[in-house]
Amino acid sequence: MLPVALDRVLLVTLALFVPCVFSAAELSSVDSAPAATDQLKALNDQTIIQSSVWLDTEWDQFKHGAEEATWTVGGLWGWRVSDRQDGAVRLKVPFVYDRSDKSSGHANIGGLGDVEVATGTAFRLCKTWRTGGGIELHADTASNPALGDSVWRLHSSWSVAHDVASQRYLELSLPITFIFPYDWSIATRYKGKIDFENGDRWTHTVDLGVAKRLPSIPVVLSATLEKTFDGSDKKFQVNFTMTYYFERYYAPK
């Protein structure tokens, strides 16, 4: 069980955090497609600044029974500096519960971890290119040395990002190849596709192929039979392919 003091702190934190989330949702009940895209990218892209609050839960399991749980309350406030530049400040406040290993008697410790404060900026270079970065201060604020790193540390970073076209479909592939003597092979592959622009329509395809590598030159002759299970007019597809490989030759040492 969590220590009583830490349990109360988390309860108060959640009580403050949840109304913020719902009030933010009320301000914009219907997100536009560009806004939704930016919010998804902002999770991993520091060149996109989106004002937000969050609660992150992390659980770590170590050898010999030691474990650690961290609840981090975070917030980022961004503002427009100019048409092509945004600024931001960020705060992360962690609450940590630590349970030592069996040899240490499984001592339980809970409390405040190391607070992190950061500031940064991002620039829109053009429609598809962005750059940005900032500096972060990791503060030694843990209520117990076991709950933090016991160090003050500055960390700087800079990133460049480029947008690619939105994905219209997703393809999954599972190939299997069996190699036989005398440079023969038999291969099979399952392919599944989902088309997001056509009613999220799934198609399933199975390939079966045979190939032979010629003994004296790096040429591979192959034949493939493809069957699609999507109710289309095509019953099957057959391909014959001749492939020449440019091999690397290494001089003897």
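The values are calculated or read from the model by the stated rules, or taken from the named source; none is laboratory data. Quantities reported herein were computed from a predicted structural model and do not represent experimental measurements. Counting neighbours? That spans all protein chains shown, and the Cβs are built from the backbone with ideal geometry, glycine included. To get the accessible areas, we keep the full protein, side chains included, count just its heavy atoms, and leave off ligands, DNA and RNA. Shrake-Rupley method; radii C 1.70, N 1.55, O 1.52, S 1.80 Å.
Odds and ends about this structure:
- Taken together, the criteria place residue 174 among residues that are in contact (Cβ under 8 Å) with a residue 12 or more places away in the chain, open to solvent by 90 Å² or more (accessible area, probe 1.4 Å), of a type in the set (A, V, I, L, M) and not in a loop (DSSP other than H, G, I, E, B).
- Subset of the stretch 44-81 that is in a strand (DSSP E or B) and touching a residue at least 60 places away in the same chain (Cβ under 8 Å) - its residue that is least open to solvent (accessible area, probe 1.4 Å): 73
- Checking the stated criteria, residue 119 turns out to be at pLDDT 95 or above and closer than 30 Å to residue 164 by Cβ.
- Pair list, Cβ under 7 Å, 6 or more apart: the stretch 197-212 residue under 26 Å from residue 243 (Cβ atoms), other residue of a type in the set (Phe, Trp, Tyr): 206/190; 212/184
- Failed item in (1) over 30 Å from residue 244 (Cβ atoms); (2) open to solvent by less than 90 Å² (accessible area, probe 1.4 Å), with residue 153 passing the rest: (2)
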